[in-house]
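Have a look at the structure below before the remarks.
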Number of protein chains: 2
Amino acid sequence: MKNPKSKFRNPKSIYSMPNLYVALTHYPVVNKSGDIITSAVTNLDLHDISRAAKTYGVKSFYVVTPLKDQQVLAQRIIAHWTDGSGATYNPARRQALETIKVIDSIADVVEDIKSIENQGPKTVATSASRYPSSIGFEKFRSILKTDRSYLLVLGTAWGLAEGFISEVDYILEPIMGSSNYNHLSVRTAAGIILDRLLGV
Amino acid sequence: MKNPKSKFRNPKSIYSMPNLYVALTHYPVVNKSGDIITSAVTNLDLHDISRAAKTYGVKSFYVVTPLKDQQVLAQRIIAHWTDGSGATYNPARRQALETIKVIDSIADVVEDIKSIENQGPKTVATSASRYPSSIGFEKFRSILKTDRSYLLVLGTAWGLAEGFISEVDYILEPIMGSSNYNHLSVRTAAGIILDRLLGV
């Protein structure tokens, strides 16, 4: 670049940071039998996914549950590491966990992003199944470079309910390894998805 | 391929499966202050990493600790999902956890692989730091296609002790996301590393 100052004037530089938000939802998800349930918050989901979100420059990591007691539990875990003794003991953990917002529903996440971005995000479901409309990682990686925000939704338990999946803008293809086994934990899947979409 | 049968005769096809073993070690690792310690076994490390190992066709996943009570704990977790009620409840979990071998030391892992492969594996350390001799993921991905076995070693706590790292055959470069923050959990790092090395 001939004039170093120009990078501050180039509107493209605003979008060099990914405009991606991530939500881990505990409703609506399905259990082993395919029934729609509200799953319980898992401590290490909050730690692992917030650390991955921070690593890959995700704007916010939403933890979604309609259950008030589960919201309190999630807030208590976060507070330990952001305000409590954990914050002094492990500042790197604080930086990750302070990106978390605990919220009632995906609809509320969309509203929150709308208030930040002045436009609702495009929604993206993740699934261990392939749908006729599933899009590939490379394709979505290039879509992410366009000038708008995206909300990637991860399901807990046995995954996102079909009713929810049918309403999103995009469905991301499943992660296939080098075997037919595809039963990754949501923590591991989140890391791999972010690496494929945003890794350098 | 003109003659479909030829694929069974082509010696290269033997090596289409990765010849990679993974070890998660609890000794020798360092704590926050850099002291060498033996860390405690974490339940979800066993679940998440065995599931990732199974997904990417890793040959065995070794859980390494010299502490007998920790070995008993790890075996109890594994047995619940491979022999206990968990095996019936969740067969996919069984398939993952039955790839785990609990073992005393990295030296014993090397001996075990030697007994299987008739040759000791090349050892590969992972680290969140970059070393002058660190090799890139693409480079190691191509090395993995050569005709011999490799043992990828993951450290718990604050990572593998320097003394151990100085003795391995290869050091893998750290995972860098799109920020300067690199504090992934070992569970997430394991998934991303396997995806980068063996993902299709």
Cα principal axis extents for the range B:49-200, largest first, Å: 48, 37, 31
Alpha-carbon Debye profile of the range A:22-79, log10 I(q)/I(0) at 0.18, 0.22, 0.26, 0.30 Å⁻¹: -0.65, -0.89, -1.09, -1.23
Kirkwood-Stokes translational diffusion coefficient of the range A:127-190, alpha-carbon pairs, 4 °C, 1.567 mPa s, µm²/s: 100
Label point distance in nm, A:Ala128-A:Gln75, each placed 7 Å from Cα along Cα→Cβ: 3.3
Of A:Gln70, A:Gly84, A:Thr25, farthest towards positive along the dipole that unit charges on Lys, Arg, Asp, Glu beta carbons give the range A:22-112: A:Gly84
Copies compared at A:Glu167 - label distances in nm, ascending, label defined 7 Å from Cα in the Cβ direction: 5.8
Shortest-first distances to equivalent copies, position B:Asn31, nm, label 7 Å out along Cβ: 4.2
Greater than 26 Å apart at Cα, pairs in A:Lys32/B:Lys54; A:Lys54/A:Lys145; A:Lys32/A:Lys114: A:Lys32/A:Lys114
A:Met17 - accessible surface, heavy atoms, 1.4 Å probe, Å² rounded to 10: 100
Solvent-accessible area buried by pairing A with B, both sides, nearest 100 square angstrom, 1.4 angstrom probe: 3100
Mean Cβ neighbour count within 10 Å, used as a protection proxy, ranking B:40-51, B:89-100 highest first: B:40-51, B:89-100
Equivalent ellipsoid, the range A:95-136 (semi-axes from 5 times Cα gyration tensor eigenvalues, Å): 24, 15, 10
Inter-copy label distances at A:Asn180 (7 Å, Cα→Cβ; nm, one decimal): 4.9
20 °C / 1.002 mPa s Stokes-Einstein diffusion coefficient of the range B:48-92, Kirkwood radius on C-alpha pairs, µm²/s: 184
Rounded accessible area of B:Thr25 (nearest 10 Å², 1.4 Å probe): 0
Label-zone membership for the range B:84-107, site A:Lys32, 7 angstrom Cα→C-beta point, backbone N under 14 Å: B:84-95
By average C-beta atoms within 10 angstrom, highest first, the peptides B:156-162, A:130-136: B:156-162, A:130-136
Normalised contact order of the range A:36-169, rounded percent, pairs of Cα under 8 Å and 6 or more residues apart: 23
The protein assembly as shown: translational diffusion in µm²/s, Stokes-Einstein, Kirkwood Rh over Cα pairs, 25 °C, 0.890 mPa s: 110
Counting DSSP beta bridges with both ends in the protein assembly as shown, the antiparallel % (nearest 5): 10
For the range A:38-135, projected area of the alpha-carbon convex hull averaged over all directions, nm²: 7.5
Most to least packed among B:146-154, B:166-174 [average Cβ atoms within 10 Å]: B:146-154, B:166-174
The range B:76-141 - percent of accessible surface contributed by carbon and sulfur, probe 1.4 Å: 48
Computed FRET value (nearest 0.05) for A:Glu162 with A:Ser105, which takes r as the C-beta separation and R₀ as 25 Å: 0.90
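The values are calculated or read from the model by the stated rules, or taken from the named source; none is laboratory data. Values in this document were obtained by computation on a predicted structure and should not be read as measured data. All Cβ positions, glycine included, derive from the backbone under ideal geometry; neighbour counts span all protein chains shown. For the accessible areas, the whole protein counts, side chains as well, though only heavy atoms, and no ligand, DNA or RNA atoms are used. Shrake-Rupley method; radii C 1.70, N 1.55, O 1.52, S 1.80 Å.
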